[in-house]
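First up is the structure itself, then whatever we jot down about it.
The values are calculated or read from the model by the stated rules, or taken from the named source; none is laboratory data. All figures in this text were calculated on a predicted structure; none of them were measured in a lab. Reconstructed Cβ throughout: ideal geometry from the backbone, glycine too, with neighbour counts over all protein chains shown. Side chains are part of the model used for accessible areas, which takes the heavy atoms of the whole protein and leaves out ligands, DNA and RNA. Shrake-Rupley method; radii C 1.70, N 1.55, O 1.52, S 1.80 Å.
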Amino acid sequence: MRREELRTPCYIIDRQKIENNLKQLKGIKEATGCHILLAQKAFSMYSLYPLIGEYLDGATASGLYEARLGYEEMGKENHIFSPAYRPEEMDEILRYCDHIVFNSLSQLEKYRAKVKAAGRSAGLRINPECSTQEDHAIYDPCAPYSRLGVTADKLAAEALEGVDGLHFHTLCEQNADALAVTLKAVEEKFGVYMRGMKWINFGGGHHITRPDYDRELLKRCITHVQDTYDVQVYLEPGEAVALMGGELRTQVLEVVENGMPIAILDTSAACHMPDVLEMPYRPPLAASGKPGEKGWTCRLTGPTCLAGDVIGDYSFDRPLKAGDVLEFEDMAIYTMVKNNTFNGMRLPDIVLDDGQDCRVVRCFGYEDFKQRL
């Protein structure tokens, strides 16, 4: 199927772009000996799990359903972290996962014996209290009063009995310099415990496949920790696997005027790209410019009843009209995993572009909306 034959809205995932990202990640693995896992919370298009599994060591989950998905669809190493586990789900989690990371000492104590009896590896998330973020406070696990991870003042060696590894996750869309700063804090506060571990997990938020990312510094950080503490280092990138790996194709339904041109699209920020409102950010759009950069500036909005369902202001070489098709870029990450059916909006089709043709992997309709209610 050709792109122009696809119904809108739809996510179009570019297989070659995903594979190019995976090749870069594999290069880090081969240079350092670290293990890299897919963080499914950012990208869970499981039809590509066989491809991802060719390059990465496995997957990591944030809950039972992601854990099961990684187990069934990739079948390699399978890790999980949750701020708190439901007791009735733990037996099933232990069937699917080989590494169980706990968020608190009380959670560790509650499940320690069960994890050991199942022959699984137990880990503890730590909080180095080292913030390196300025723009995304909502995603900063080191912010004051954070519920994520154990701080150094709460930890003692005897509490770590049976623990194989330490996990920290403090970054969000950041470069290796932020990791280096974080590692310094981790070593200062937790180095005494790291020497007795089998593995150290650096978490996610590493934008490894971004063109300006300092991969040499990342390699040095990994090698330093592995050599100094005799541990296996894990990375859990999600965005880096699918960065710039897909588009959201949409059509203009109407253009109205109220102080400026306002285009109403058949895709919604609130429903189909919620991070636009949560972070917030202005998604890249092909063949457009910043406001005023090109001849005609327009506000792009969604079709829901939410007044704030606004994607952003863009400029174009010519005025938009009903029927025009637009493609938002970098729409593989945090879209399919977070979208919703508010207002009864239809979810976008999921399409795979293999370089030769576009194949519709999944279509959604009324029953998908109804069954969620």
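Mind listing whichever residues of region 309-329 are under 32 Å from the mean Cα position of the chain (by Cα) and basic (Lys, Arg)? Answer for region 309-329, where residues must be under 32 Å from the mean Cα position of the chain (by Cα) and basic (Lys, Arg): there is none. Might you let me know whether region 103-122 holds any residue that is open to solvent by less than 30 Å² (accessible area, probe 1.4 Å), out of contact with any Pro (no Cβ under 8 Å at 6 or more places or on another chain), outside any helix (DSSP H, G or I) and of a type outside the set (Ser, Thr, Tyr)? Yes, region 103-122 has at least one match.
Please indicate, with yes or no, whether at least one residue in region 316-327 is under 29 Å from residue 205 (Cα atoms), in contact with a strand residue (DSSP E or B) (Cβ under 6 Å, 6 or more places away or on another chain) and in contact (Cβ under 8 Å) with a residue 60 or more places away in the chain. Yes: one or more hits. Among the residues of region 181-204, those that are without any contact (Cβ under 8 Å) to a residue 60 or more places away in the chain and within 16 Å of residue 35 (Cα to Cα) comprise 197, 200, 202, 203. Filtering region 46-78 to residues that are more than 15 Å from the chain's Cα centre (by Cα) and open to solvent by 60 Å² or more (accessible area, probe 1.4 Å) leaves 50, 54, 65, 68, 71, 72, 73, 76. No other residue among 302, 355 is open to solvent by less than 70 Å² (accessible area, probe 1.4 Å) and modelled with pLDDT of 95 or more apart from 302.
Of the residues in region 312-327, not one is surrounded by 14 or more Cβ atoms within 10 Å (Cβ to Cβ) and in contact with a helix residue (DSSP H, G or I) (Cβ under 6 Å, 6 or more places away or on another chain).
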